[in-house]
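Colleague: Below: one structure in structure tokens.
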Amino acid sequence: MTAPSTVFETMDAVDGLPDEGDFEQVAFCHHRPSGLRAIVAIHSTVLGPALGGTRFWPYDTEGEALTDVCRLARGMTYKHAAAGLDQGGGKAVIWGDPRTIRSEALIRAYGRFVHGLAGRYLTAEDVGTTQADMDLIQRETPHVTGVSPSLGGSGDPSPATAWGVLWALRAAAEVRWGSPDLADRHITVSGVGKVGRALVDHLVDEGATVTVADIRDDAVRAVHDDHPEAATRLRTVEPEAAHAVDCDVFAPCALGAVLDERTIPELRCEVVVGSANNQLATPEDDQRLVDRDVLYVPDYVANAGGVINIAEEPAGYDQARAWARIAGIHDTVLAVLERARTQGMPPGEAADRHAEDRIESVARVARLRTGRP
């Protein structure tokens, strides 16, 4: 197979780059034989090799794909830092519709592209990619996580992500209502794909009332079919109205940018905790939630369970050890919300400061070791 033609660019050399801060590297790949078009963005390797999933999505333009991958890569830097992981921030996108162009040749070409980055970037599953894709990628490079347990990996990260969101919910409940108990709370889960569906399972077990929403009717039906014993506690709402349900917690678990100047005034909840990335459409929405007296747990703190899980793979994956670390999201949420309270800043800003403090402290140690200023 012809090797992917790969062009490496520095941030300054890329036209139309989004304003997402400094990046260490952005790499583009176009492999004509397989139809692969991909971008890898490495935001930071201060804490370790950049780790982040590969999103397979039919973007309208290359500029839209570039904007998304850079935004997501920066978020991964902060997610790893806040979670206490020794990983940097990176992300990748494959530009195209996975339903029509996914093939073994394309996925393996992408694996060779990742391998060409020499371990600076480790990939994983994300929207549009699957565990089977990760298994194929491993045939081309060791720089992949989340492969099948039979191949020594941790498998699908969705259950771990949902487990972490549950601990974030418990912490938020403790701050808002004085108890982590979710029994008799009403929680709206918007998006019941793999993570959202697993979260609903936990919430039903906790005794919560759950309203679910998804653009796919079959996904909603599957949730109800899974829990006939909780029929009186399971409700359904149309996706466009999910944020406006009168409930205790709104849990965005689909795509991002659902909280903005239009939707925030329509919220009828006291807490927002979910698994979706980049839930705020703009930085100003962080303060808008404070002004509405809605307690917001920053998304990259709440949804870190998946990356905590796969970060355990290099040491030899052990689920009990990994899930014990994921439960630590509870304490991270408490620390971030306490910083927000005592320093008079919105939670998103407090989470950023929490992450930046750790990045700077590790960078300072590295400077001492190398003797650089």
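All of the numbers you see were taken from the coordinates with simple rules; none came from a lab. In this text the structure is predicted, and so the values were computed from the model without any measurement. Cβ placement follows ideal geometry from the backbone for every residue including glycine, while neighbour counts extend to all protein chains displayed.
Colleague: Which residue is nearest to residue 247 (Cα to Cα), if the candidates are limited to the range 163-190 and must be out of contact with any helix residue (DSSP H, G or I) (no Cβ under 8 Å at 6 or more places or on another chain) and not in a helix (DSSP H, G or I)?
Modeller: Applying the filter and picking the extreme gives 186.
Colleague: Let me ask something else about it. When only residues in the range 242-289 that are surrounded by fewer than 18 Cβ atoms within 10 Å (Cβ to Cβ) and hydrophobic (A, V, I, L, M, F, W, C) count, which is farthest from residue 203 (Cα to Cα)?
Modeller: For the range 242-289, the residue satisfying everything is 281.
Colleague: Can I ask one more? Within the range 309-331, can you find the residues that are charged (D, E, K, R) and either surrounded by 15 or more Cβ atoms within 10 Å (Cβ to Cβ) or in contact with a Ser or Thr (Cβ under 8 Å, 6 or more places away or on another chain) (or both)?
Modeller: Listed by number, the residues that qualify are 312, 313, 325.
Colleague: All but one of (1) acidic (Asp, Glu); (2) assigned to a helix (DSSP H, G or I); (3) within 19 Å of residue 37 (Cα to Cα) hold for residue 135; which doesn't?
Modeller: Tallying (1) acidic (Asp, Glu); (2) assigned to a helix (DSSP H, G or I); (3) within 19 Å of residue 37 (Cα to Cα), residue 135 fails exactly one: (3).
Colleague: Here's a check for you: in the range 333-347, which residue that is in contact with a His (Cβ under 8 Å, 6 or more places away or on another chain) and either of a type in the set (Val, Ile, Thr) or over 23 Å from residue 162 (Cα atoms) (or both) is surrounded by the most Cβ atoms within 10 Å (Cβ to Cβ)?
Modeller: The qualifying residue surrounded by the most Cβ atoms within 10 Å (Cβ to Cβ) is 336.
Colleague: Assuming residue 232 fulfils every condition listed in (1) out of contact with any helix residue (DSSP H, G or I) (no Cβ under 6 Å at 6 or more places or on another chain); (2) buried (at least 18 other Cβ atoms within 10 Å of the Cβ); (3) of a type in the set (S, T, N, Q) apart from one, which condition is it?
Modeller: Status for residue 232: all satisfied but (2).
Colleague: Among 157, 180, which is the only one that is in contact with an Asp or Glu (Cβ under 7 Å, 6 or more places away or on another chain), over 20 Å from residue 269 (Cβ atoms) and not charged (D, E, K, R)?
Modeller: Sole residue among the options that is in contact with an Asp or Glu (Cβ under 7 Å, 6 or more places away or on another chain), over 20 Å from residue 269 (Cβ atoms) and not charged (D, E, K, R): 157.
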